[in-house]
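Trainee: Would you mind keeping the following structure in view while I ask a few things?
The values are calculated or read from the model by the stated rules, or taken from the named source; none is laboratory data. Here the structure is a predicted model, which means the values were calculated and not measured. No Cβ is skipped: glycine too gets one built from the backbone with ideal geometry, and neighbour counts run over all protein chains shown.
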Amino acid sequence: MSLLDARDVSRSFGAVHAMAGVSLTLVPGEIVGLVGPNGAGKTTLMRLLAGTLRPDGGTITVAGHGAGSLHARRALGFAPDGAVFPPTLTVREVLDYYARFHAAGAGRRALVAEALDLGALDEVAGRRAALLSRGYVQRLALAQAALGGRRILLLDETLAGLDPLVRRRQCDRLMALAGTGVAVLLSSHDLTAVERLASRVLILARGRVVREGSMAGLLRERVLEVVLDAPPREPPPGFRVTVFGLETELGSGTVEAALALCRAHRLAVRASRVRLKSLEDLVLDALDDDTAR
């Protein structure tokens, strides 16, 4: 059973088609990565799913209800990129303000304590929101979005601005949330983190999904990297030039056949290795294919 279901969603801003027939589903306990270049439509899609924008076409249901409805807002938490909080309130006061909509007394204090822990914000609980770095603002946005036991989280660049240690811990917290049945849609330029966290990924370009699938299935493809003694004048068919030499997708071919093709083109091969494709490879390939259309 899906918690969130979007079908053929479109949205335009004047003559700009920001979203052109995008569909996706979120089921309990999964983390889905949403990646693509700036201007691809990731934030627009997040806002449509959260109900802060209305689609021009298509349908969106959140926990069985229309996006933006009271029932949908109770089930879904949205952490936007560059979230803004009242500057004079402390981190604890911000979370306490939102907690009052969910509980009172000891229950309210417990929600604040849980939110501080989720965002790793205890050390800045007494700091005013106006004095927070971008990384802390993103962590506060996550804590606020999840507050109250939300079943769906939409996270827009929540991992941006974090140092490596904090980012790793936040990834662990997101995986723990998913383990409790929370569905997470994570938009991020941090492809390494998305590759680690997401079970599925959607690659957006120009308001369209240009590639999607399970992370395990997409990352099965093999790439042969070849280090050359000198740059090639022209790469052999199927190869592309890189900073270290050449690379090619092996597909059903063999390493021996690919290296033989290099030798047939009189290229001096110094070394070679086979690696699995990374999410970065997949994104760049999908964007190249989209541009070539």
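Trainee: Go through the stretch 120-165 and report how many residues are of a type in the set (S, T, Y) and over 14 Å from D190 (Cα atoms). First the steps, then the outcome.
Mentor: So the first thing to find is which residues in the stretch 120-165 are of a type in the set (S, T, Y), and the list is 133, 136, 158.
So of that shortlist, the ones also over 14 Å from D190 (Cα atoms) come out as 133, 136.
Residues that pass the stated criteria total 2.
Trainee: Of the residues A160, A193, A183, which single one is in the same structural domain as A83 (by TED's automatic domain parsing), under 14 Å from the mean Cα position of the chain (by Cα) and more than 30 Å from Y97 (Cα to Cα)? Let's see the steps before the verdict.
Mentor: Details: A160 fails: more than 30 Å from Y97 (Cα to Cα); A183 fails: more than 30 Å from Y97 (Cα to Cα).
Selected residue: A193, the only one of A160, A193, A183 that is in the same structural domain as A83 (by TED's automatic domain parsing), under 14 Å from the mean Cα position of the chain (by Cα) and more than 30 Å from Y97 (Cα to Cα).
Trainee: Answer with yes or no whether A286 is modelled with pLDDT of 90 or more, not in a loop (DSSP other than H, G, I, E, B) and not basic (K, R).
Mentor: For A286, the condition - modelled with pLDDT of 90 or more, not in a loop (DSSP other than H, G, I, E, B) and not basic (K, R) - is not met.
Trainee: Just to verify a result, which residue in the stretch 245-288, among those that are under 16 Å from L219 (Cα atoms) and of a type in the set (S, T, N, Q), is surrounded by the most Cβ atoms within 10 Å (Cβ to Cβ)?
Mentor: First pass over the stretch 245-288, keeping only residues under 16 Å from L219 (Cα atoms): 248-252, 274-286.
Those left that are additionally of a type in the set (S, T, N, Q): 248, 252, 278.
Numbers: T248: 20, S252: 4, S278: 14.
Going through the qualifying residues, I end up with T248.
Trainee: Tell me the helices (runs of 4 or more DSSP H) entirely within the stretch 153-227 that contain at least 3 residues that are in contact (Cβ under 8 Å) with a residue 60 or more places away in the chain and farther than 21 Å from E114 by Cβ. Spell out how you get there, then give the answer.
Mentor: Working: elements: 164-179, 191-197, 215-218.
Once the helices (runs of 4 or more DSSP H) in the stretch 153-227 are filtered for at least 3 residues that are in contact (Cβ under 8 Å) with a residue 60 or more places away in the chain and farther than 21 Å from E114 by Cβ, what remains is 191-197.
Trainee: Do we find a residue being assigned by TED's automatic domain parsing to the domain that holds L140, more than 26 Å from R47 (Cα to Cα), modelled with pLDDT of 95 or more and outside any helix (DSSP H, G or I) anywhere in the stretch 67-84?
Mentor: No, every residue in the stretch 67-84 fails to be assigned by TED's automatic domain parsing to the domain that holds L140, more than 26 Å from R47 (Cα to Cα), modelled with pLDDT of 95 or more and outside any helix (DSSP H, G or I).
Trainee: Counting only residues that are hydrophobic (A, V, I, L, M, F, W, C) and in a loop (DSSP other than H, G, I, E, B), which one in the stretch 228-244 is surrounded by the fewest Cβ atoms within 10 Å (Cβ to Cβ)?
Mentor: Here is the first cut: in the stretch 228-244, the residues hydrophobic (A, V, I, L, M, F, W, C) are 228, 230, 239, 241, 243-244.
After this cut, where a residue has to be in a loop (DSSP other than H, G, I, E, B) as well, the list is 230, 239, 243-244.
Values: A230: 9, F239: 21, V243: 5, F244: 12.
Out of the qualifying residues, it is V243.
Every residue, every condition in (1) touching a residue at least 12 places away in the same chain (Cβ under 8 Å); (2) surrounded by fewer than 17 Cβ atoms within 10 Å (Cβ to Cβ); (3) closer than 26 Å to N38 by Cβ, yes or no:
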site: L76; (1), (2), (3): yes, no, yes
site: G82; (1), (2), (3): yes, yes, yes
site: R92; (1), (2), (3): yes, no, no
site: G107; (1), (2), (3): no, yes, no
site: A115; (1), (2), (3): yes, no, no
site: L121; (1), (2), (3): yes, no, no
site: R127; (1), (2), (3): yes, yes, no
site: G135; (1), (2), (3): yes, yes, yes
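Trainee: So, in the stretch 156-185, exactly how many residues are at pLDDT below 90, surrounded by fewer than 20 Cβ atoms within 10 Å (Cβ to Cβ) and not charged (D, E, K, R)?
Mentor: 5
Trainee: Okay, moving on. If you check every pair at least six apart or on different chains, which have Cβ atoms under 6 Å apart with a residue in the stretch 272-286 that is within 13 Å of E212 (Cα to Cα) first and a residue that is in a helix (DSSP H, G or I) and among the charged types (D, E, K, R) second?
Mentor: Filtered contacts from the stretch 272-286: L279/E195.
Trainee: For the stretch 171-225, give me each residue that is touching a helix residue (DSSP H, G or I) at 6+ places or on another chain (Cβ under 8 Å), over 23 Å from L3 (Cα atoms) and among the basic types (K, R).
Mentor: Within the stretch 171-225, just R206 meets the criteria.
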